[in-house]
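Below is one structure, written out as C-alpha cells; the observations come after it.
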C-alpha cells in the first residue's frame, strides 16, 4: 500500500486538533509551501515566538506561545524526535489554502497541516496522520463481486457529511451497520498511514451480506469551521449527533432491514456507544471495538508513559514533559475545573468544556440498562485501550445475557495482527482487520 507510513496516533490527536485549530479565508497559494516549511522549521527548532508571529489575529487569540510549545512537545513525545521535512503538497478547498508538510519523526512520518489566510498568515494548524496515496488492496477474504458502493450524504444543513454505503447484491433486506470513528479528524475509512480499518470492515461485512455505512467525521470535514467554536465542543458535536443521524439514515435505506440496524464504534466511538444507545431505542444492537471504560485523561497519560518507557531511560526534557502531562491530568480531575479554565493548563491544550462533559461518565454502567444485543471486542496486544478496559466492560456486564465478549491474543488497536510487545512502529506496516474479528461481527449480526 505504498511507502508512506504513519506513527501510532493515540486518542490525544483529537485534542491536539482542536487545540491547534484556527480559521481564516482563502487566499493566494503562491510561495505557501516555502512559508509552511519555514513555519514548521521554527516550531521544530523551538523558536515558538517566530511561529506565533506568523499567526493571524484569530490564531493569536486562541493559541498562546506556551500552548504551541506544549502541543509540539506532546507530538514529539508520541512520534519521536523530529528528523526533518520530507515533502509538501498544496490543497485548496472550501476557500482555504492548505499546505501539508510531511515530516519524518523517529517513529514514523506525520503531516503538519498549515492553513493560510489571504495575507499569507497562518490561520489553522493540525498534526495529522500521514496519508497513504496508493490504491487500496483488499484482503483475500473480500468478495468484490458480492456488493456495490454508492456515495450518500449523512445529515443536512451546515454539518452534512459525505459518506459511502456498501450494499450487498441481492434483494435483501439486509442487516445494516453504521461505523463510528475513534478520536481525531478521521476520514470515512479511518485511514491511519497505509491502513484503512473501516474500509476493511465495510468490504468484509458486505461480503457476508451486511450493509455498511461509513462517513467523514465532522472534525475532519469541518475542521476550520469547528475551530471557531472549539471552546464549546463536546463529544456530542464531535461524534454522537452524527452517529444518530447516520443510524436513522440506515433505517430508511431501501434494501436494509430497519429492525436490524446496528452501530459499531471503535475506540472513542466504542466508548460513546452507551450514549448513542440511550438516545435511540430503535437501534437494534451494538458492537464495541477497543472501547475505553476508564477516564480519557487517564488513558492519555498511560499511553504517553508507555511510549516513553519503550525508550528505556528518559531524558530530563522527556521526564519534564511527562510531569507536565501529569499536572494537566490532575487539573482535569480537580473539582474546581470550570469552562473558564485555560486550555493550556489541560492535557495538550484541550478545552475545559470537552473534559467537563466527560466527567463522571462510566460507559459500562450506562450500558447496563441497555438490553439490546451487544458485542464487545478487544485486541490483547492493544496498548492504547487495554485489557484493563475490556475487564471494565466484563465486570459490569458479564452477567447480562445480551452481551457477548471476545478478545484476540495477537491483535492490536486496529484489530490487525502483530507479534511481541506492541510499539508505535507497528502502525507503519500495512495490514488488514482480522478476518476472524470480521467473521465474529458478521455472525453476531446475522444471528441476533
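The values are calculated or read from the model by the stated rules, or taken from the named source; none is laboratory data. Predicted model only: the values in this text are computed from it and were never measured. Cβ: placed from backbone, ideal geometry, glycine included. Neighbour counts: every protein chain shown.
Just wondering, is there one or more residues in segment 13-36 that are closer than 30 Å to residue 182 by Cβ and at pLDDT 50 or above? Checking segment 13-36: at least one residue is closer than 30 Å to residue 182 by Cβ and at pLDDT 50 or above.
Looking only at segment 207-236, which residues are out of contact with any strand residue (DSSP E or B) (no Cβ under 9 Å at 6 or more places or on another chain) and assigned to a loop (DSSP other than H, G, I, E, B)? Matches in segment 207-236: 228, 229, 233, 234. Here residue 202 clears all of (1) crowded, with 24+ Cβ neighbours inside 10 Å; (2) touching a helix residue (DSSP H, G or I) at 6+ places or on another chain (Cβ under 9 Å); (3) not in a strand (DSSP E or B) except the condition numbered (2).
Restricted to segment 136-158, and to residues there that are closer than 16 Å to residue 241 by Cα and at pLDDT 95 or above, the residue that is surrounded by the fewest Cβ atoms within 10 Å (Cβ to Cβ) is 153. Contact annotation: residue pairs with Cβ atoms under 7 Å, 6 or more positions apart or on different chains, pairing a residue in segment 418-435 that is under 20 Å from residue 77 (Cα atoms) with a partner that is loosely packed, with under 15 Cβ neighbours inside 10 Å, are 423/310. Answer with yes or no whether residue 79 is in contact with a strand residue (DSSP E or B) (Cβ under 7 Å, 6 or more places away or on another chain) and in contact (Cβ under 8 Å) with a residue 60 or more places away in the chain. Yes.
Would you mention how many residues in segment 266-283 are assigned to a loop (DSSP other than H, G, I, E, B) and buried (at least 21 other Cβ atoms within 10 Å of the Cβ)?
Qualifying residue count, segment 266-283: 3.
Taking the criterion of being in a loop (DSSP other than H, G, I, E, B) and either out of contact with any strand residue (DSSP E or B) (no Cβ under 8 Å at 6 or more places or on another chain) or within 20 Å of residue 355 (Cα to Cα) (or both), the residues of segment 182-199 that qualify are 182, 183, 184, 185, 186, 187, 194, 196.
Applying the condition of being at pLDDT below 95 and part of a loop (DSSP other than H, G, I, E, B) to segment 395-425 and asking which residue is surrounded by the most Cβ atoms within 10 Å (Cβ to Cβ) yields 422.
State yes or no: is residue 291 in contact with a strand residue (DSSP E or B) (Cβ under 9 Å, 6 or more places away or on another chain), part of a loop (DSSP other than H, G, I, E, B) and either surrounded by fewer than 18 Cβ atoms within 10 Å (Cβ to Cβ) or at negative phi (or both)?
Yes: the conditions hold for residue 291.
On the given criteria, is residue 80 over 21 Å from residue 228 (Cα atoms) and in contact with a helix residue (DSSP H, G or I) (Cβ under 9 Å, 6 or more places away or on another chain)? It is true that residue 80 is over 21 Å from residue 228 (Cα atoms) and in contact with a helix residue (DSSP H, G or I) (Cβ under 9 Å, 6 or more places away or on another chain).
Note on segment 386-410: residues that are touching a helix residue (DSSP H, G or I) at 6+ places or on another chain (Cβ under 7 Å) and either more than 24 Å from residue 446 (Cα to Cα) or free of Cβ contacts under 8 Å to residues at least 60 places away in the same chain (or both) amount to 9. Of everything in segment 52-64 that's in contact (Cβ under 8 Å) with a residue 60 or more places away in the chain and in a helix (DSSP H, G or I), which residue is farthest from residue 123 (Cα to Cα)? Looking at residues that are in contact (Cβ under 8 Å) with a residue 60 or more places away in the chain and in a helix (DSSP H, G or I), I get 62.
Considering segment 366-385 alone, what residues qualify as being without any contact (Cβ under 8 Å) to a residue 60 or more places away in the chain and within 27 Å of residue 306 (Cβ to Cβ)? If the condition is that a residue be without any contact (Cβ under 8 Å) to a residue 60 or more places away in the chain and within 27 Å of residue 306 (Cβ to Cβ), then 380, 381 are the ones that fit.
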